């Protein structure tokens, strides 16, 4: 009996020890890169982002949406890209239903488009996305948003964080034009790492933190990022949306993962937003998960 108990105890301790050996380096690296990121002077972060934009100007690119850490309170954010807070709305708009029972949808984010590759019809448009319990999400498109036209919904606001547009180098592949992520950015554009040299040798890990502040990781993938333009970084099958007004295929506008504080769309969810070039008031959104 004692031999059996000892064998079982030894087996359990062995599994626990193996788990610790596997997970400890991963967690230690995350702890280190987050600590380094928090210690970086603001001017170093700004310089890294500037080098990324300079690299983007030399070739294919997309617009990366970086979640700002500071909570925004000013009215100007109502017509700018942000997550949380309150959505932009105009006269006649109503808060969409999120469930068949009529419960309100969750406001996720809004994006003020400035990605050149989308074409003139999309420049300056504000796209507002709500999470609903359905295959297709509630998406609204505003051609000329102004604070003077804003009508409050009356829903209680959540903390609001700006989304900072950063021009990001992209590469073409069999999957389309996709943003380069930290490892590739450091390898292909080593000048990006120069401002980080006094602080770390784990350039890719710290760069992941700069691009997605306080993410629990040292790399980025589709559920952890947001970007405009290029092609969708699909985690499931293509959506192939068509315009309800003209029946033409819609173009990909942007995607975002679990970047909204306090809201989880799905299991590592990603929302993809599309729009019609001929009828830019018509947009659709879809949430996929692993």
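Ordered by the number of other Cβ atoms lying within 10 Å of each residue's own Cβ, fewest first, 43, 174 fall into the sequence 174, 43.
Based on the Cβ-Cβ distance from residue 251 to residue 32, what FRET efficiency comes out when R0 is 41 Å, to the nearest 0.05? It comes out at approximately 0.50. Report the normalised scattering of segment 149-233 as log10 I(q)/I(0) at q = 0.13, 0.20, 0.24, 0.26 Å⁻¹, calculated by the Debye formula with identical scatterers on the alpha carbons. The computed values of log10 I(q)/I(0) come out as -0.54, -1.00, -1.29, -1.42.
When the Cα atoms of the chain are aligned to their principal axes, the ranges along those axes come out at 73, 53, 41 Å in descending order. For segment 170-290, a Kirkwood radius taken over Cα pairs fed into Stokes-Einstein (4 °C, viscosity 1.567 mPa s) yields D = 81 µm²/s. With the simple model of a label 7 Å out from the Cα in the direction of the Cβ, residue 91 to residue 268 spans 4.8 nm.
Rounded to the nearest 10 degrees, the inclination of helix 42-56 to the longest alpha-carbon principal axis of the chain is 70 degrees. Any idea what % of Cα-Cα pairs in segment 101-142 are farther than 11 Å? Distances greater than 11 Å cover 66 percent of the Cα pairs.
Take each peptide in 163-169, 261-267, count the other Cβ atoms within 10 Å of every residue, and average; sorted highest first, the result is 163-169, 261-267.
On the beta carbon distance between residue 174 and residue 219, with R0 = 25 Å, the FRET formula returns roughly 0.75.
Extension gain for the segment residue 68 to residue 191, taken as residue separation times 0.36 nm less the Cα-Cα distance, is 41.9 nm to one decimal.
Compared with the dominant principal axis of the Cα atoms in the chain, helix 2-39 is inclined by about 50°. Working from Cα pairs under 8 Å separated by at least six residues, relative contact order for the chain is 21 percent. Three principal axis extents of segment 197-248 based on alpha-carbon atoms, in descending order, are 56, 19, 16 Å.
From its DSSP helices (H runs of at least four residues, each -39,500 (n - 2.57)), the chain gives a residue-normalised ellipticity at 222 nm of -8000 deg cm²/dmol.
What would the Debye formula give as log10 I(q)/I(0) at q = 0.13, 0.19 Å⁻¹ for the alpha-carbon point model of segment 55-119, no solvent? Log10 I(q)/I(0), no solvent term: -0.55, -0.93.
Just so you know, all these numbers are worked out from the coordinates, no wet-lab data involved. This one's a predicted model, so the numbers in the text were calculated from it and none came from an experiment. Note that we place each Cβ from the backbone using ideal geometry, even for glycine, and neighbour counts take in every protein chain shown.
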